[in-house]
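The values are calculated or read from the model by the stated rules, or taken from the named source; none is laboratory data. Quick caveat, the model's predicted, so the values are computed rather than measured. Every residue, glycine as well, gets a Cβ built from its backbone with ideal geometry; the counts of neighbours run over all protein chains shown. What goes into the accessible areas is simple: the full protein's heavy atoms, side chains included, and nothing from ligands, DNA or RNA. Shrake-Rupley method; radii C 1.70, N 1.55, O 1.52, S 1.80 Å.
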Amino acid sequence: MADYYHILGVERDASRDEIKRAFRRMARESHPDANPDDPTAEDRFRQVAEAYEVLSDPERRARYDRGETFDPSGFFQGAASLDDLLRSVFGDTSIFGTVAREQRVNRGRDVRVNVVLTLEDAAFGVEKSVVFRTALACEACAGMGSSDSAGLQACPTCGGSGQVRMARRSVFGSLMTLTTCRACRGDGSVMANPCGVCRGEGIREGEKTVVVDIPAGVQAGNRLRLPTRGEAGRRGALAGDLYVDLIIEPHPVFERDGDDLISEVEVGVVGAALGTHLEVPLLEGGTQRIKVPAGSQHGEVIRVAGKGLTRLRTSRRGDLYLRIKVVVPTRLSRAQRKFLRQFADAGGEGPL
């Protein structure tokens with residue numbers, strides 16, 4: 001049997017008000033609308049709703065505490081029933097199901113931040129913590145703006161329309177104009193018992209930390225969208241989105257070309273002529289032994305398969321291309337000069 005207290009994150013002796021507050025918080029966090037990329041969100045949300053259906057009803061809760069089990073299929077018959085449950089808790093401003101006008105008005109703003117990555121981060125993926133100042137959900141009222149469960153009520157000034165009619169005299173006589181209601185700022189509703197901390201807004205200014213999962217294979221200029229991780233919405237409205245713009249720092253050794261890497265490897269004249277083996281560095285660390293074929297020319301390229309960057313959303317990797325740089329010695333000993341002259345004579349290059 002599911003542990004409904006654990007699902008809502010409350011103690012077994014929690015009051016009905018504490019259970020309601022916990023459900024408000026968990027419903028916003030787990031609802032599929034707030035987690036469009038999470039296929040498990042719907043199941044988690046139904047578990048939260050099921051837990052509230054049992055623990056919010058005194059008779060069901062008593063039976064549950066005695067060890068009785070319940071068939072959750074009888075709780076909800078389609079999305080409409082879930083909407084009824086949410087409206088009974090959140091009122092008409094629920095962020096789930098049918099979204100009221102106030103929800104659209106009060107939705108949190110989107111936030112955009114830059115994240116600087118190394119080439120290694122971009123190649124293999126990394127978690128980055130981003131910190132920014134924004135509006136946060138008020139902890140005192142769980143972001144709802146109310147000091148109790150009374151919630152919102154229709155604005156007495158505008159009657160819930162969000163607008164008021166004003167008479168204005170003109171040369172044509174008395175004209176009626178519509179203006180935004182100052183009492184509710186156009187929301188159409190006011191908080192019955194506003195929270196003393198946030199004054200009924202449900203938000204407060206603060207510093208927010210979000211851990212961003214950077215997938216392997218991203219490129220400079222890519223933008224990641226994290227739904228509902230931006231600014232908190234007023235009075236429990238949906239939060240804005242967080243957009244993360246990626247910047248990749250230049251690497252001292254490797255140059256990126258799509259999913260491939262390009263680097264330079266220095267080879268001596270003799271090694272290029274006769275062939276040799278070299279240890280070359282890899283982006284993930286360590287080295288790999290490669291063979292430089294005899295007769296290699298300056299500017300030729302050696303391909304090392306599968307040692308490039310991870311391709312985005314796959315486990316495959318690009319290649320590493322090593323451009324040969326033949327290094328000609330600038331200082332020679334007498335013996336070296338003698339051998340090179342003999343080499344030139346043998347090759348028919350003429351006297352040096």
**Request:** Please specify each residue of the stretch 275-289 satisfying the condition of being in a loop (DSSP other than H, G, I, E, B) and surrounded by fewer than 10 Cβ atoms within 10 Å (Cβ to Cβ).
**Result:** 285, 286
**Request:** Restrict the check to the stretch 279-293 and report whether at least one residue is free of Cβ contacts under 8 Å to residues at least 24 places away in the same chain, of a type in the set (Asp, Glu) and more than 30 Å from residue 339 (Cβ to Cβ).
**Result:** no
**Asked** Quick one: would you say residue 88 is among the small types (Gly, Ala, Ser), at pLDDT 65 or above and open to solvent by 70 Å² or more (accessible area, probe 1.4 Å)?
**Response** no
**Asked** For the stretch 332-352, how many residues meet the condition of being part of a loop (DSSP other than H, G, I, E, B) and open to solvent by 90 Å² or more (accessible area, probe 1.4 Å)?
**Response** 3
**Request:** Consider residue 192 carefully, then state whether it is modelled with pLDDT under 80 and open to solvent by less than 90 Å² (accessible area, probe 1.4 Å).
**Result:** yes
**Message:** If I ask for residues that are free of Cβ contacts under 8 Å to residues at least 40 places away in the same chain and open to solvent by 30 Å² or more (accessible area, probe 1.4 Å), which ones from the stretch 258-274 would you list?
**Reply:** 270, 273, 274
**Request:** Could you list, in sequence order, all residues of the stretch 216-244 that are more than 21 Å from residue 29 (Cβ to Cβ) and either open to solvent by 60 Å² or more (accessible area, probe 1.4 Å) or within 11 Å of the chain's Cα centre (by Cα) (or both)?
**Result:** 219, 220, 221, 223
**Asked** When you go through 171, 164 one by one, which is the residue that is out of contact with any Phe, Trp or Tyr (no Cβ under 9 Å at 6 or more places or on another chain) and at pLDDT 75 or above?
**Response** 164
**Fill in**
When (1) outside any helix (DSSP H, G or I); (2) over 23 Å from residue 228 (Cβ atoms); (3) modelled with pLDDT under 90; (4) not basic (Lys, Arg) are applied to residue 36, the one that fails is (2)
**Message:** Considering only residues that are open to solvent by 60 Å² or more (accessible area, probe 1.4 Å), farther than 19 Å from residue 206 by Cα and not charged (D, E, K, R), which ones fall in the stretch 115-141?
**Reply:** 116, 124
**Fill in**
Scanning the stretch 1-10 residue by residue, the ones that are surrounded by 10 or more Cβ atoms within 10 Å (Cβ to Cβ) and in a loop (DSSP other than H, G, I, E, B) total 3
**Test: residue in the stretch 248-256 that is open to solvent by 40 Å² or more (accessible area, probe 1.4 Å) and of a type in the set (Val, Ile, Thr)** = yes
**Message:** So residue 313 ticks every box in (1) touching an Asp or Glu at 6+ places or on another chain (Cβ under 9 Å); (2) at positive phi; (3) touching a residue at least 40 places away in the same chain (Cβ under 8 Å) but one. Which box is left unticked?
**Reply:** (1)
**Complete:** Per the filter on the stretch 290-331, residues within 22 Å of residue 124 (Cα to Cα) and either of a type in the set (A, V, I, L, M) or not in a loop (DSSP other than H, G, I, E, B) (or both) are 303, 304, 305, 309, 310, 312, 317, 320, 321, 322
